[in-house]
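The values are calculated or read from the model by the stated rules, or taken from the named source; none is laboratory data. Fair warning: this is a prediction, and the values are worked out from it, not measured in the lab. Areas reflect the complete protein model, heavy atoms only, side chains present, ligands, DNA and RNA absent. Shrake-Rupley method; radii C 1.70, N 1.55, O 1.52, S 1.80 Å.
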Amino acid sequence: MKNKLLPALLGSIIVVAFVCYFNRGTALAQPVLPIPDINLNIGTAEEPQQMVGTLQLLLLLAVLSLAPAFMILVTSFTRIVIVLSFVRNALATQQIPPNQVIIGLAIFLSFFVMTPVFNQINEEALSPYLEEEISFEEAVNIGSYPLKEFMLNNTREKDLALFLEIAETERPADRGEVPFRALVPAFVLSELKTAFQMGFILFIPFLVIDMVVASALMAMGMFMLPPVIVSLPFKILLFVLVDGWHLVVQSLVESFA
């Protein structure tokens with residue numbers, strides 16, 4: 001279907017470009033920009049091939065709508081964004097950095113971590129398929145292997161065994177035979193556990209500062225002053241002195257196998 005849609009799309013673009021070029025004088029002479037009339041016709045498929053093409057198009061649209069979910073669940077994005085959120089909560093800076101910065105940094109770090117995997121998929125599966133050297137099914141099988149290897153390297157055997165047992169699937173003899181329906185939830189579960197472990201370690205030094213400040217305020221009899229207000233500058237100062245963002249990002253990138 002892709003081989004048929006791409007030439008048709010390119011042909012339509014060329015036709016529109018030629019029409020706009022040759023009618024540019026008429027278009028400029030019109031005082032008001034015309035509003036195009038768009039019609040959506042829904043008819044009845046007369047042949048089975050038309051129904052198959054319609055179903056393929058609907059399936060493609062459904063997959064594209066779920067692309068952000070795939071991006072979150074099968075890449076390093078989950079662990080990175082959770083750890084960065086833990087850092088902000090540990091600092092008690094509320095919305096600083098804002099959510100847009102946290103999510104944007106998590107996306108670019110995810111692309112950085114996943115670049116070797118994407119390059120391998122492009123070299124071994126996508127480029128040969130576009131050059132018509134392999135079929136679509138072979139491209140899917142070859143392209144899924146690097147992603148599956150990355151997920152397996154960062155998935156705990158206990159979590160994977162849990163979903164294999166729930167799915168009543170026998171233990172695969174090879175890593176390539178692990179089904180995605182069991183690997184994806186196991187990978188996400190492992191990522192959540194790892195992210196919370198890293199978040200707990202990040203909270204410890206800031207918790208010590210809060211306890212020291214609270215004890216000092218109680219010793220001075222300043223019960224009405226919230227300890228968070230006093231400890232916040234010290235936590236920010238400590239985070240800046242140790243170059244906290246550098247250490248957090250370095251630990252996140254190096255934590256992926």
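Ranked from largest to smallest solvent-accessible area, with a 1.4 Å probe on the protein heavy atoms, Leu147, Leu84, Leu207 come out as Leu207, Leu147, Leu84.
Ranking of Asp159, Asp210 by solvent-accessible surface, largest first: Asp210, Asp159 (1.4 Å probe, protein heavy atoms only, all chains present). A simple rule links phi to the HN-Hα coupling: the Karplus curve 6.51 cos²θ - 1.76 cosθ + 1.60 with θ = phi - 60°, which for region 113-120 gives 5, 8, 4, x, 5, 5, 5, 5 Hz, with x for Gly and Pro.
Note on Val230 and Phe180: the extension gain reaches 13.1 nm, defined as 0.36 nm multiplied by sequence separation minus the Cα-Cα distance.
In order along region 138-144, phi translates into HN-Hα couplings of 5, 5, 5, 5, 6, x, 6 Hz, rounded to whole numbers, per the Karplus curve 6.51 cos²θ - 1.76 cosθ + 1.60 with θ = phi - 60° and x for Gly and Pro. At q = 0.10, 0.18 Å⁻¹, what is the base-10 log of I(q)/I(0) for region 49-201 according to the Debye formula with one equal point scatterer per Cα and no solvent? Please give it to two decimals. For region 49-201, the Cα-only Debye profile gives -0.47, -1.20. Annotation: Glu133 carries an accessible surface of approximately 120 Å², with a 1.4 Å probe and no ligand, DNA or RNA atoms counted.
Taken over region 183-257, the convex hull of the Cα atoms encloses 100 Å³ per residue.
Taking the alpha carbon gyration tensor of region 127-257, multiplying each eigenvalue by 5 and rooting it gives semi-axes of 48, 19, 10 Å, largest first. Computed from backbone phi, the HN-Hα couplings of region 64-75 come to 5, 5, 9, 4, x, 5, 4, 4, 6, 8, 10, 10 Hz, rounded to whole numbers (Karplus: 6.51 cos²θ - 1.76 cosθ + 1.60, θ = phi - 60°; Gly and Pro given as x). Quick check: from the Cα gyration tensor, does region 118-168 come out rounded (a/c under 1.5), prolate or oblate? Oblate. Across region 72-130, Cα pairs under 8 Å and at least six residues apart give a relative contact order of 41 percent.
Dividing the Cα radius of gyration by the Kirkwood radius, what Rg/Rh value follows for region 166-222? Please report the intermediate quantities before stating the final value.
On the way: Rg = 22.1 Å, Rh = 15.3 Å.
Here Rg/Rh amounts to 1.45.
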